[in-house]
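The values are calculated or read from the model by the stated rules, or taken from the named source; none is laboratory data. As the structure is a computational prediction, the values presented were derived from the model and not from experiment. In this analysis, Cβ positions are derived from the backbone assuming ideal geometry, glycine residues included, and neighbour counts consider all displayed protein chains. These accessible areas exclude ligands, DNA and RNA; they are computed on the full protein's heavy atoms, side chains included. Shrake-Rupley method; radii C 1.70, N 1.55, O 1.52, S 1.80 Å.
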Amino acid sequence: MAAVLLLGACGTQVAGDANEATPTESLPWTTVQPSAVAAAQLVGDQRTLTLTARVPDGRNPCVRALKAALTDSENNTLWVQITCSSPSGDRRSGCTGERTASTRLRLPEPLGNQKLIVDHDIQFTTDGAKLPALRLCGQLGCHPPATGCTSASYDQALLAADAPEHTYLNSERCDGKWLVLDFSWRTGPVCGDTTASPSGCSSRLGDRWFFRAKPAGWAAITASAAGGCGTVQRAEPAFPTSLCASLAPLSSSLHPSYPPPSASASPSPTRSQLP
């Protein structure tokens, strides 16, 4: 398993008054991680790795000892962690902005076809990359499933729709180029996706999304709780009627509507409430 360091975030801090900035030498410097890893490149013999990350920045010095370290190597995967020292946890440091900075790491062997994971969850690969730059992988890994009428492909569509965690499919209609997904998720405190969820999780919310196949995967068109094709064909006239004509409206329990109260419905003030 990859070694994990418990580090403070190295992202942008909430800016205080600019006059609060003080020399950072008098403030505590702590070990932190970059807020993001922007790029990775292999140099020369494919053993020298250059990593570009987002680090704190301000009017005073904000970063020391930016470095990358190999923390584990297992199952054709290399784990690398980037750290630096910064006073950005104290807003008096003035380190409220960010800039890019690079650091190098010498690998024990050429990366080859191994997967590179930086800071626990950012994946890079040489497969399909335009070297010397490595290819940044997406949420579904370095080799996402092909777009089609498969469960793995539907998972990609749910990501495209920004579906809540622990969402599960109720139904799908797919022809390989167009897709309709009905999905729902439990609601309530601490509701997961196990059969042992608390009784307070018995209620659900849900949604229906329409998609079109693109080279990068399923692309969301629109969402609608209404039945039929009206909403989706207004957004995308080419959407096939055969996939949407018989759609029933979503249950109001899955997709409740909360219209704002009308001004006319507001009660009139009583005489005692008048000035």
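Name the residue that is modelled with the lowest pLDDT, counting only residues in region 178-205 that are under 23 Å from residue 140 (Cα atoms) and surrounded by 13 or more Cβ atoms within 10 Å (Cβ to Cβ).
Among them, the one singled out is 185.
Restricting to region 92-101, what's the tally of residues that are closer than 16 Å to residue 38 by Cα and either touching a His at 6+ places or on another chain (Cβ under 7 Å) or crowded, with 16+ Cβ neighbours inside 10 Å (or both)?
Residues that pass the stated criteria total 2.
Would you check which residues across region 136-157 are out of contact with any Asp or Glu (no Cβ under 7 Å at 6 or more places or on another chain) and within 25 Å of residue 83 (Cα to Cα) and list them?
Matches in region 136-157: 136, 137, 138, 139, 141.
So which strands (runs of 3 or more DSSP E) stay within region 105-177 end to end and still have 3 or more residues that are modelled with pLDDT of 90 or more, more than 24 Å from residue 214 (Cβ to Cβ) and open to solvent by less than 40 Å² (accessible area, probe 1.4 Å)?
115-118
Looking at region 48-91, what strands (runs of 3 or more DSSP E) fall wholly within it and have at least 3 residues that are surrounded by 20 or more Cβ atoms within 10 Å (Cβ to Cβ)?
In region 48-91, 48-57, 77-86 are the strands (runs of 3 or more DSSP E) which contain 3 or more residues that are surrounded by 20 or more Cβ atoms within 10 Å (Cβ to Cβ).
For a quick check of your reading of the model, give me the residue pairs whose first member lies in region 168-186 and is on the phi < 0 side of the Ramachandran plot and free of Cβ contacts under 8 Å to residues at least 24 places away in the same chain, whose second is open to solvent by less than 80 Å² (accessible area, probe 1.4 Å) and of a type in the set (A, V, I, L, M), with beta-carbon atoms closer than 7 Å and at least 6 apart or on different chains.
So the pair list comes out as 169/181; 172/179; 172/180; 172/181; 185/205.
Assuming residue 208 fulfils every condition listed in (1) modelled with pLDDT under 95; (2) not in a loop (DSSP other than H, G, I, E, B) apart from one, which condition is it?
(1)
Among the residues of region 207-230, write down those that are aliphatic (A, V, I, L, M), surrounded by 18 or more Cβ atoms within 10 Å (Cβ to Cβ) and touching a Ser or Thr at 6+ places or on another chain (Cβ under 9 Å).
213
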